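No value in this document is a laboratory result; all are computed from the given coordinates. Computed from a predicted structure; not experimentally measured. Cβ coordinates were reconstructed from backbone atoms using ideal geometry, including for glycine residues, and neighbour counts include every protein chain displayed.
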Amino acid sequence: MHGLIEDIGIVVVVATIIGLITHKLKQPIILGYLIAGVIVGPQIGPPLVIEPENIEIISEIGLILLLFIIGLELDLSSLITSGKRLAVVGIGQFVICVLLGLAVFSFSGVNSGQGGLDVLYVALLCALSSTAIVIKSLNDKFELDTLHGKLSVGILIIQDLWAIVILALQPNFNNFQVSIIGLAILKSVLLVGAGFLVSKYILKNIFESISKSPEMVVSVSIGWAALVAGAAGVIGLSKEMGALIAGVSISTFPYSIHVTAKTLPLRDFFLTLFFVSLGMEIIAPESTVILASLGLTVFIIISRMVSILPLALKTGASLRTAFISSLNLAQLSEFSLVVASIGLGLGHIQELTFAILIYTMVFTSIISSYLIKYNYQIYHQVEHLLERFRLPGRGAVHSEAGEHSAYPIVILGYHRGAQSLVETLSEQYPHLLDKILVMDFNVEALRELQSRQVVGIFGDISHLDTLEHAHLREAEVIISTIPDVLLKGINNLALVKTCRTLAPNATVIATADLPEQVRELKHAGANEVILPYSMAGEYLANYLGTVIADRLELVEA
């Protein structure tokens, strides 16, 4: 019998090998992880992992971390601004998909278990999309901050609320009780309220006291996520929902982007185990199961188009945003399998229905990975068809301002040179201040920037993921004014190389301590190099050569 460590080791080795192969073949990495699950799982391949429960426990941690990071990356002001659109599309999408499902599946020969609820279950569960797949795929493409990314994530959040309602009602599908719904809603409101109060009056002070230790900021944040997730589980809500609330409650802090960047590798590791554990549940294929799953797959894709596309257009979204959001959400949720497994235990559905849902999850996971990967290319093809047939929405704006929360000028580190730069700009070129983003982990510096109406974020400039999440690749000018002697964990040479890799077309301005470093920095990709000591020497030499020299001549005369 294998222990937890052995099982994790086997899964990681197999997932790595298959992942490398799929990467080499330029296929979605999720497909590789699902195949790895089939190989190590007890259903089809040799039972390399005898106790899959070990992996399922670890994968649940991945989902909790995923929801926590989603909360961290949520722009509450943006969500509130687009509240009407999210409410209309999020609520309407679920209702339309469920009604379509009930109509289609009632006449499609879907089997009924002892409880006779197979049709209801399939209709409800096919209306939910996969948070794990959508967030990971959009994050890999750096599209979480696009308009279609924000709309997709917003709909997923509303779907999570629907999922909570489903869980609350599920034990009583044969005997609905209004009191249960009210209790679940009350618990959710209390948890959100408590989370925000603790965050505002306690966490804020804790973060300020440890702000100079980025590692402690991350540790406290993850501890907070575990605490709220555990509290959610204790009061009968999902731990994933608790983690989401924990992330949202500190998303307004300047530390959120730093925490996100630091926890991403940890989250990705756990999510790898999640997708592998999903592959372990895949049973030997049968023709009836495969055909039914393919039918559900087609239904899910069509239902997303029928529900999301017209509703998003109706609320003012562009055709591109509406169509790509529909593509992004065209898959079955991993949470649907959790609900289905509970329904199987309650006798509401048959094992055959559960098997069909698993294969549907697999098929939609694979297809959706390609749909998201090539969403823009697919849109351009469909756009021409829509124009040809003159369907509604063809006149919508295709390029919307503000798709990315990127800034044309990025300053890495708020040292004295950067402070002088911002001060000079505020006096001579104030119109440039709203185009600047400054990254530093000094809270006092961030407060000063806020008073100057300049956007500052808490982050470690030596961390690649932090720079990526700050959308450095979209910057036009990148400036580093901190000399090597004050940098920690990186130097200007490495920083220039990283910036040039992320933003090959940007103008990169670096700082050198010695004249010998200028050539090296320019060779690495710097367009301009600042020599503070040389600049000070030149200024003093000119001063001595003019003002002081004239005074000396007067004295001699």
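What is the magnitude of the charge dipole of the stretch 409-541 about its Cα centre, with +1 placed on the Cβ of each Lys and Arg, -1 on the Cβ of each Asp and Glu, and no other charges, expressed in debye to the nearest 20?
On the way: 10 positive and 17 negative charges, 34 e Å.
It comes to approximately 160 debye.
The string of couplings for the stretch 30-41 from the Karplus curve (6.51, -1.76, 1.60, θ = phi - 60°) is 4, 4, x, 5, 5, 5, 4, x, 5, 5, 8, x Hz, one whole number per residue in order, with x for Gly and Pro.
For the pair ILE378 and HIS23 in one chain, pulling the backbone fully straight at 0.36 nm per residue adds 125.6 nm over the alpha carbon distance.
Taking 26 Å as the limit for the C-alpha separation, the pairs LYS150/LYS435; LYS200/LYS488; LYS24/LYS141; LYS200/LYS435; LYS150/LYS488; LYS239/LYS373 exceed it in the case of LYS200/LYS488; LYS200/LYS435; LYS150/LYS488; LYS239/LYS373. Ranked from largest, the principal axis spans of the Cα set of the stretch 273-369 equal 44, 28, 26 Å.
If R0 is 30 Å, the Cβ-Cβ spacing of ASP140 and HIS523 corresponds to a FRET efficiency of close to 0.45.
Sorting 323-335, 467-479 by their mean Cβ neighbour count within 10 Å, with the most densely packed peptide first, gives 323-335, 467-479.
Our summary of shape: the Cα atoms of the stretch 409-541 have principal axis extents of 38, 38, 26 Å, ordered from largest down, in whole angstrom.
Using a 10 Å cut-off around each Cβ, can you sort THR131, THR16 from fewest to most neighbouring Cβ atoms? Write down the numbers at each step before the final one.
Details: THR131 24, THR16 13.
Ranking THR131, THR16 by Cβ neighbours within 10 Å, fewest first, gives THR16, THR131.
The packing ranking, built from the mean of other Cβ atoms within 10 Å per residue, places the peptides 120-129, 216-225, 371-380 in the order 120-129, 216-225, 371-380, highest first.
Order these by the 10 Å Cβ neighbour count, fewest first: SER480, SER179. Let's see the in-between values first.
Numbers: SER480 27, SER179 8.
Exposure proxy ranking, most exposed first: SER179, SER480.
Our note on the geometry: Cα centres of the stretch 187-241 and the stretch 422-475, 26 Å apart.
Sort the following peptides by mean Cβ neighbour count (other Cβ atoms within 10 Å, averaged over residues), highest first: 507-520, 307-320.
Values: 507-520: 17.5, 307-320: 21.4.
Averaged packing, sorted descending, gives the order 307-320, 507-520.
What the phi angles of the stretch 518-527 give under the Karplus curve with 6.51, -1.76 and 1.60, with θ = phi - 60°, is a coupling list of 4, 4, 4, 5, 5, 5, 6, x, 6, 7 Hz, glycine and proline written as x.
Which length gain, in nm to one decimal place, applies between PHE196 and THR507 when the Cα-Cα distance is subtracted from 0.36 nm times their residue separation?
On the way: separation 311, 0.36 × 311 = 111.96 nm, distance 4.08 nm.
Length gained between PHE196 and THR507: 107.9 nm.
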